[in-house]
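Here the structure comes first, spelled out in structure tokens, and everything after it is commentary.
Quick note: the coordinates plus some simple rules give every number you see, no bench work behind them. Please read these numbers as outputs of a predicted model, since none were measured by experiment. So basically every Cβ, Gly included, is an ideal-geometry build from the backbone, and we count neighbours across all protein chains shown.
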Amino acid sequence: MTERDGFSANAHRYLDGEPFEELEGGEFAAADRLVADARDYAERIPALDPALDAAVMTAVRSRAGARKRSAVAWLLAPRTVSVRPVWAGVLAVAAALVLWLAPRSPAPAVQGIPASRPVADTVYVRFELAAPAARTVSVAGTFNGWRVGALAMSRDSSGLWSATAALPVGEHRYEFVVDGTRWIPDPTAHAEVDDGFGGRNSVIVVGPKGLVRS
Amino acid sequence: MKTVRALLAGAVVVAAPALLVAQENGVEARLEARGLPASLAHSVAAIAAGASARGIPDQPLADKAIEGWAKRVPADRILGAVRHFADEMGNARAAVRAAGVEAPSGAVIAAAAEAMRGGMKPEQVRSVVQAAAAADIAAPGLSVAAALKAQGLGGEQAVKIVVGAMRNHESMAQLLDLPSIAWAMHDEGLSPGDIEHRMLDGGDGGAHDGWRSGDRGSRPSTVPSSGHDHFPGRLTRLR
């Protein structure tokens, strides 16, 4: 209980700065004493330190960092997620669009991937073709993506063209390309297979211990 | 939890066709990167996407189109060849599945298709696949059988040789060495029939290891038997 508790309603209004009517005898003196005490107390309150602002802001920023950490914790904490089915469809469509757009850029060129490549091994293979009248000869096949000129052959003085390539173990198909346009199977190949275009491909089987044209 | 499952199911249902479209775009982009006209690339990609939906690998089809384009084959014939190859791989896939492989890999299907194009019958493909102890040996097994047949051996004999090697637990290297061994016998002057006999029976009245790839004497004389893979000593002359 405070001293103010014993005052009349008018005295409370007086103390609160509100309009009042009559005060009982002695209430004025008691109220004025309270007001004087309050003023005295207010004057004794020390002035705020100018550095207080900086200290308060430092504390506020520190709490902000703590909130960031708690956000990370929130993200990492396991929780149950409920999604409306319609949003599942929207997300799926979005994923589909991403997948549809993703492979627009050309896929990396695949070279030298044989029909079967069971063993991670390569063997040097030398190709030769006797073609004295040819201006250029190259070897194109499954091992170089059928790129004309990718494996260019060199001519010796007798007109024998040759080239060496490191081929992965497995089966490969190839042909010689004479003067950039004429495709001919290896005349010394052990066997040829239909290329599906009315021509013939030579076949080479490279084993880890060597190779044989078949 | 039900909601999450519904979310995943919805994503799968919607994304599956998108994956096919993405695959088609990947093939198309690859073909265009190799210089095929956009219309041809699009047509080939559509065939490849349809094939892929049937479990047939699309990359061999793209490779076939690239081969045709490199050889300056007209576009309509390229498309015809690609369609035909897709059909061949479909038949090959059926032959491989008949061997008990529910979802054969693209490599096995492509190898089976090439083998069947070389004259091997579906039941012969089935025999090789069934004899393969591991999935990754089926494709080279089919390629080796096809290579032996292409050397002049009978298809049945080629399959017997390969199946025998697989049942003898020959390594992949030994399996892939079989065509070299067969050709070494050819160089010795043996006929295809004699080679079959020797590789199947050992040529000595029933000994079954006469053809084994571990038999150094049967190796082609042109192939050094040792040395680093990239050592020039392993260079083998084709002629």
What distance in nm lies between label points placed 7 Å from Cα along the C-beta direction at B:Arg72 and B:Ala173? 4.4
Pairwise FRET efficiency - B:Ala134 versus A:Arg84, Cβ, R0 = 45 Å, nearest 0.05: 0.40
The FRET efficiency for B:Ala103 and A:Leu76, from their Cβ-Cβ distance with R0 = 45 Å and rounded to 0.05, is 0.75
Fully extended contour minus Cα-Cα distance, from A:Glu22 to A:Ser154, at 0.36 nm per residue: 35.0 nm
If you take each beta carbon of peptide B:143-153 and count the beta carbons of other chains within 10 angstrom, what is the mean? 5
At A:Asp49 and A:Arg63, where each label point lies 7 Å from the Cα along Cα→Cβ, what is the point-to-point distance in nanometres? 1.9
Förster radius 25 Å - calculated FRET efficiency between B:His84 and A:Asp179, Cβ distance, rounded to 0.05: 0.30
Express the Stokes-Einstein translational diffusion coefficient of region B:17-157 in µm² s⁻¹, to the nearest whole number, given a Kirkwood radius over alpha-carbon pairs, 4 °C and a viscosity of 1.567 mPa s. 84
Any idea how far apart A:Leu97 and A:Tyr41 come out in nm if each label point goes 7 Å out from Cα toward Cβ? 6.5
